[in-house]
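Only one structure is covered here, and it is reproduced in the block below.
The values are calculated or read from the model by the stated rules, or taken from the named source; none is laboratory data. Since the model is a prediction, treat every value here as computed from it, not as a measurement. Backbone-built Cβ (ideal geometry, glycine too); neighbour counts: all protein chains shown. Protein only, heavy atoms only, side chains kept; ligands, DNA and RNA dropped before computing areas. Shrake-Rupley method; radii C 1.70, N 1.55, O 1.52, S 1.80 Å.
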Amino acid sequence: MNELESSHMVDRNVELAEEILCLKRQRGAVILAHNYQRGEVQDLADFVGDSLELSQNASEIEAQVIVFCGVHFMAETAAILCPDKRVLLPDINAGCPMANMITAESLIAKKGEFPDATVVCYINSSADVKAESDVCCTSANAVKVIESLHTDKVLFVPDQYLGHYISTKIDKEMILWPGFCPTHVRILPEDIVYLKSEHPDAKVIVHPECRPEVIALADEVLSTGGMCGFAKQTDAKVIIVGTEVGIIRRLSKENPDKKFIAASQKAVCPNMKRITPEKTLWALQDMAPEVRVTEEIRVRAKRAVDKMLDIGRVDQELASLS
Ligand code: SF4
């Protein structure tokens, strides 16, 4: 893009942001955006965060309309938690390939094989799958959630790599569904080894959706929310970041004195990038596409999500007492 084109683009984004702000007020809406969203979408949001932060936010929000700049399961989770609100997903085709690696039917069949296992589902799953699960977790709270369960056997779905990481932290039998994130598996151990050789003083932080060989090379294994917290408190000046590249913008914005290097430029989630400022504006204009969950599924899925949020609340209360 040449200088003239890039200045037109900036002007257009400013215009769009003004239109969105105005319409957002008229509609009584809030915009939530995941850390992997495009920078220009993150800039429009009232709140940017990881799946846990966004679920907590959705459950506490007063606005009547939530524009969810993320992927389908995230908007569904907001719809599960807030049945009285309208939840808009600016591109209805923004799905998650990992969430699509399991269906309610296939989970029911697996539960039949392990009737004594507690089913824990990663939040990256459909409402139908959550409805068949005992409790949800996110990458930020997975170890705590599973540790708190009174069971020795866990059927963990759908991310085998997050499941494998948890199994190295706890003393329970874990049966892992063979799903994976096609974006995070693009980060390879050799990417980390090469970047470490170029930046020997750098800290390496990676997401638990990465392959075990990548996790083995990391200084810290963190959710994207955890990465933002780590970046603020570390003394390291250079940080190699093993997750979707969209997080680099937020990290750099919040920590201008530090350098963040994406572990792999190939770690781009095309579904997250489907959301644009234009589509966000159209969603507010049309009040569509709306994500809905049938009441029967919603009530059952909410039980699993609430159980996760309750474990988090008890944890916060205990922390405030200590
Ligand atoms: S980054 Fe991976 S897990 Fe997240 S939405 Fe994209 S495909 Fe799904």
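Here is how the numbers come out for the structure above:
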quantity: Out of ALA283, ALA262, sole residue that is of a type outside the set (Val, Ile, Thr), within 16 Å of the ligand (Cβ to nearest atom) and over 30 Å from GLU105 (Cβ atoms); calculated: ALA262
quantity: Residues being under 22 Å from ALA140 (Cβ atoms) and acidic (Asp, Glu) - total across region 54-106; calculated: 2
quantity: Boolean, ASN100 is part of a loop (DSSP other than H, G, I, E, B) and open to solvent by 70 Å² or more (accessible area, probe 1.4 Å); calculated: no
quantity: Extreme residue, nearest to GLN233 (Cα to Cα), among residues of region 259-303 that are touching a helix residue (DSSP H, G or I) at 6+ places or on another chain (Cβ under 8 Å) and of a type in the set (S, T, N, Q); calculated: SER264
quantity: Wholly enclosed strands (runs of 3 or more DSSP E) of region 119-219 bearing at least 1 residues in contact with a Lys or Arg (Cβ under 9 Å, 6 or more places away or on another chain), acidic (Asp, Glu) and more than 16 Å from the ligand (Cβ to nearest atom); calculated: 173-176
quantity: Options VAL268, VAL241: the member that is within 16 Å of the ligand (Cβ to nearest atom) and in a loop (DSSP other than H, G, I, E, B); calculated: VAL268
quantity: LEU309 vs. criteria within 23 Å of MET9 (Cβ to Cβ), open to solvent by less than 20 Å² (accessible area, probe 1.4 Å) and not basic (Lys, Arg); calculated: no
quantity: Residue list for region 220-238, restricted to those being in contact with a helix residue (DSSP H, G or I) (Cβ under 9 Å, 6 or more places away or on another chain), part of a helix (DSSP H, G or I) and within 21 Å of PHE180 (Cα to Cα); calculated: THR224, GLY225, MET227
quantity: Positions within region 31-47 being out of contact with any Pro (no Cβ under 8 Å at 6 or more places or on another chain) and open to solvent by less than 30 Å² (accessible area, probe 1.4 Å), in sequence order; calculated: ILE31, LEU32, ALA33, HIS34, ASN35, TYR36, GLN37, GLY39, GLN42, ALA45
quantity: Residue in region 132-149 that is surrounded by the fewest Cβ atoms within 10 Å (Cβ to Cβ), counting only those that are closer than 22 Å to HIS34 by Cβ and not hydrophobic (A, V, I, L, M, F, W, C); calculated: LYS144
quantity: Restricting region 168-183 to residues that are within 16 Å of VAL214 (Cβ to Cβ) and in contact with a strand residue (DSSP E or B) (Cβ under 8 Å, 6 or more places away or on another chain), the residue that is surrounded by the most Cβ atoms within 10 Å (Cβ to Cβ); calculated: CYS181
